[in-house]
Amino acid sequence: MTIKSENFTKWCKINWWILLLISIVFFSLIFSILGKNNIIDNWAKTLTNILTPTSIILGLVLGYPLLKKKLTESYIAKQFDIMDNANRVVRAKCILLQDKYIHGYRSSEITIEYITEAKKDILELRQLAIDAIPDVYRYINLIYRTLMEMEKYYSIFGESMHFYYKEELSTWLNEQLHETYNYSRTIGVLPNGATRSKKRLNNRLSKFVSDNYFIEIEDLDRTIDYFHNSSMLVIFYAKNNALFSKDHLYWFKSCYKAAPSPSPYARLMYNSCIYIPLILKSKSKLLLHYAELYLIGYTRMTSGSFDGKEETYYICTYANLSNVSFVEGTIQNIDSLKEYGDGYLNIELPLDNFTKFSKHKEFIQVQISEEAAVSQYNDIAYRLQSKLKAEMND
């Protein structure tokens, strides 16, 4: 009985005008039957006088949202025309650059002039992408940031950077440009036309400043920020990890610093059902801060033996990303890592899984067998999945 009453009440609220019309007809019939035609005439005149201005006001009130929606849709249409045109320009430029930076086998050692030229080409592409969909600009910006880091490291450590070749960088650029082209073929998210009002400053300052409010269209994202759980970073990290070898310490570091976060590698490992510690964090502070080494790349390798058995393992590259050097003076071998823990999952390091330690300046490399990486994943799978879910809400 209660449900029927609620449904009837809801119907009355929605169809109030039908009830009003029935009431008017009903009372008109009553007055006609009773012979009160003069009352009806006077009532009709009064109703006309009331309804005329009321209709105008209702027209304005009900018409404003429609006008607002129309203006919003017109703005969105213009923005999409601009983005679509910019996307076409970016695609054309990507094809030209892919013809310039092609896949090739290593033959010529890298030079700073080659890196600088590539950086200038990507900078031009980034400028063309300013009005493209945000994902296009974001991805190009990752490439540009990486090349900036590469140029910086080569200017400092160029004499000691052996086994770096032009063709390897060209291959990496070709693959990244191909991904940029794919992003430029999409339209991003289609907005629903809704708008929202936001404040530039907080509530405390709001009453003491002017022009603090602005209107933005929901789902039309124009920011250039990176979220650590972004699929874009997973794609970017996956390409870097696949295209560079264990010897490319500075190139791994350059790619990682373009958008530094352990989260993309965590998702790649989850997908592959392996786990390698993502951050090596000291258990005690080094001066004022904890020492941290970040996993910037891992290379899957296979070696054979005379008895025909094959061993699959990962060469894991860690780097100090801070401005304070500590690796050369404090870490000498695997035993030195007893003072470190897994800073990503906050668990103990599986030091028994680490073999064949090597060090170069502020980098270290350890070897972990694939069997050990799979076993470690099985031990922490639930904890890793919980961490990935938690990052979705950060």
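With 23 Å as the limit on Cα-Cα distance, the pairs of LYS239/LYS309; LYS166/LYS246; LYS152/LYS387 that go past it are LYS239/LYS309; LYS152/LYS387. Whole-Hz Karplus values for segment 106-113 come out as 4, 8, 10, 5, 5, 10, 5, 5 Hz, taken residue by residue from phi with 6.51 cos²θ - 1.76 cosθ + 1.60 and θ = phi - 60°; glycine and proline positions read x. Only protein atoms count toward the accessible area here, which uses a 1.4 Å probe; on segment 305-373, the carbon and sulfur part of that area reaches 45 percent.
Just subtract the alpha-carbon distance of ASN346 and ALA242 from 0.36 nm times their residue separation and send over the number in nm, one decimal.
34.7 nm
Which of the trypsin sites (Lys or Arg not before Pro) found in segment 287-366 are in a DSSP loop and have at most 14 neighbouring Cβ atoms, other than their own, within 10 Å? Hits after loop and neighbour filter: LYS309, LYS361. From most to least packed by mean Cβ count within 10 Å, the peptides 251-257, 387-393 give 251-257, 387-393. Extending 7 Å from Cα along the Cβ direction at ARG106 and again at ASP211 yields two label points whose distance is 5.5 nm. Shape verdict for segment 279-389, please, from the Cα gyration tensor: rounded (a/c under 1.5), prolate (a/b greater than b/c) or oblate. Oblate is the answer for segment 279-389, as a/c is 1.5 or above yet b/c matches or exceeds a/b. For the listed peptides 135-146, 232-243, 155-166, a ranking on the average number of other beta carbons within 10 Å per residue, highest first, reads 135-146, 232-243, 155-166.
The values are calculated or read from the model by the stated rules, or taken from the named source; none is laboratory data. The model shown is predicted, which means the values in this text are computed figures rather than measured ones. Note that each Cβ is placed from the backbone with ideal geometry, even for glycine, and that neighbours are counted across all protein chains shown. What goes into the accessible areas is simple: the full protein's heavy atoms, side chains included, and nothing from ligands, DNA or RNA. Shrake-Rupley method; radii C 1.70, N 1.55, O 1.52, S 1.80 Å.
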